[in-house]
Amino acid sequence: MKVALIGASGMAGSSILHELVARGHQITAIVRSPEKIAQHTQVEARQANINDTAQLTPLIKGLDAVISAVHFTDTQIENLLSALKQAAVPRFLMVGGAGGLTLASGKRLVDDPKFPEQVKPEALAGIAILDILRQQSDLNWTVLSPSMIFKSGERTGKFRLGQDELLMQDGLSSISTQDYAIALINELEQPQHICQRFTVGY
């Protein structure tokens, strides 16, 4: 597939980029600093402001899918949606957040008293973006939320998928960026969660 990856140099983005390359996709890596993207025959690095609809639209036109791995507080979702629709992109996938997932009590993780205050603005921005996506009737979107602990680690290929509840194992909720990338690209290649949010964890 021909895929645009927005935020390809970030923590999640770099693992997603590696997985896309390994599976033979052609990638347009859209970043602030193209020099951070390693040169590869399958990857074209392009600089763009994702919140500039006029700048972004021609970069994603004609592609099979767009993946966003950008911080929610850095994303003006209405501008991004406008570019996606003007470019008639068939598929949009987004790296979600864990904050909007629910605990066994039914309470959202972000509403738990133990949730870090410094992370709340980002978590709430992600929840707001998901709410906007759920109102879109003319966009084929999917959001994959990671587990609570989300960092670089092993690529094991062994994980569980869930829907709206935070996945826990032995009192922990975690997923490596490498295994997250597997789950996301699986969804890209064989869609199972059209116009849905789902989650991945150990």
For semi-axes √(5λ) of the Cα gyration tensor in Å, several values are listed as [x] 34, 17, 15; [y] 26, 19, 15; [z] 49, 17, 14; flag the one computed from this structure.
[y]
Accessible area per residue, 1.4 Å probe, Å², for the chain: what's the number?
48
Top to bottom by accessible area (1.4 Å), largest first, where do H193, H18 land?
H18, H193
Packing-ranked peptide list from 111-121, 80-90, 34-44, highest mean Cβ count within 10 angstrom first, is 80-90, 34-44, 111-121
Carbon and sulfur %, accessible surface of the chain computed with the full protein complex present, 1.4 Å
49
Sequence-distant residues sharing a close amide H with N140 (under 5 Å, placed H)
F92
Span from the the range 167-202 Cα centroid across to the the range 32-50 one, whole angstrom:
25
The range 1-117 - convex hull of the alpha-carbon atoms, volume per residue in Å³:
129
State to the nearest 20 debye the size of the charge dipole of the range 63-113 about its Cα centre, where the only charges are +1 on K and R beta carbons and -1 on D and E beta carbons.
140
Calc'd 3J(HN,Hα), the range 130-135, phi into Karplus 6.51 cos²θ - 1.76 cosθ + 1.60 (θ = phi - 60°), Hz, glycine/Pro = x, comes to 4, 4, 5, 4, 5, 8
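The values are calculated or read from the model by the stated rules, or taken from the named source; none is laboratory data. Just so you know, these numbers come straight off a predicted model, no measurement behind them. Methodologically, a virtual Cβ is constructed for each residue, glycine included, from the backbone with ideal geometry; neighbour enumeration extends over all protein chains shown. Protein only, heavy atoms only, side chains kept; ligands, DNA and RNA dropped before computing areas. Shrake-Rupley method; radii C 1.70, N 1.55, O 1.52, S 1.80 Å.
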